[in-house]
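Heads up: the structure comes next, in structure tokens.
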Amino acid sequence: MCSSDLDRIALEAPPDTPAADVATLAERETDVRYGRRNAELPLLAIELIASCLLFAGCTRALRGDAWGASAWAMAAMLAIPFQLLATALAIIQAHDLEKLAPTLPASLAMPRMVWLEIETLVALMLAGGKLLYFAGCLFYLRRPSVRALFATGAAR
């Protein structure tokens, strides 16, 4: 169990919650989150690759390089299914954490469920914003006027 998990849960718990209950909840949540590490680690690696490709593509496209536009488009295309998978993983993980509610002490069950709902809602809103951004990038980069800039090298 990581001390940051314990600190986070202690801050989210009501002030009168016993420290033993907070430690038990932190240990159970850590076990649930650790159980999904085999799905989360490859997704984090894909996110790192897509982010580097997106940054490199955007900077090269700003300089008028045709490679930059294609790298930017490929990163946006890669990021859309990644974002869907990452959001699905977040929802599944929240569902797994909700299963802990019946085993929690009464003082922690309701506040924890509220925090899980808030975290899930924030994850869905961020995913929606990212999907709109990546879809916008793809539509923008596929416009004939933009493609013509990089086909002829006129942007340099």
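The values are calculated or read from the model by the stated rules, or taken from the named source; none is laboratory data. Because the structure is predicted, anything quoted here is derived from the model rather than measured. Side chains included, ligands, DNA and RNA excluded: accessible areas come from the protein's heavy atoms. Shrake-Rupley method; radii C 1.70, N 1.55, O 1.52, S 1.80 Å.
I need the fraction of alpha carbon pairs in region 54-106 separated by more than 19 Å, rounded to a whole percent.
On the way: 731 of 1378 pairs.
Tail of the P(r) past 19 Å holds 53 percent of the pairs.
From largest accessible area down, sort Val122, Val32; use a 1.4 Å probe on the protein chains.
Details: Val122 70, Val32 30 Å².
Sorted by accessible area, descending: Val122, Val32.
Can you give the Kirkwood hydrodynamic radius for region 18-90, in Å, rounded to one decimal and based on Cα pairs? Numbers along the way, then the final one.
Working: mean 1/r = 0.0695 Å⁻¹.
Mean inverse Cα-Cα distance, inverted, gives 14.4 Å.
Output ³J(HN,Hα) for region 138-148: one whole-Hz value per residue in order, computed from phi by the Karplus curve 6.51 cos²θ - 1.76 cosθ + 1.60 with θ = phi - 60°, and x for Gly and Pro.
Each residue of region 138-148 in turn: 5, 5, 5, 6, 9, 5, x, 5, 6, 5, 5 Hz.
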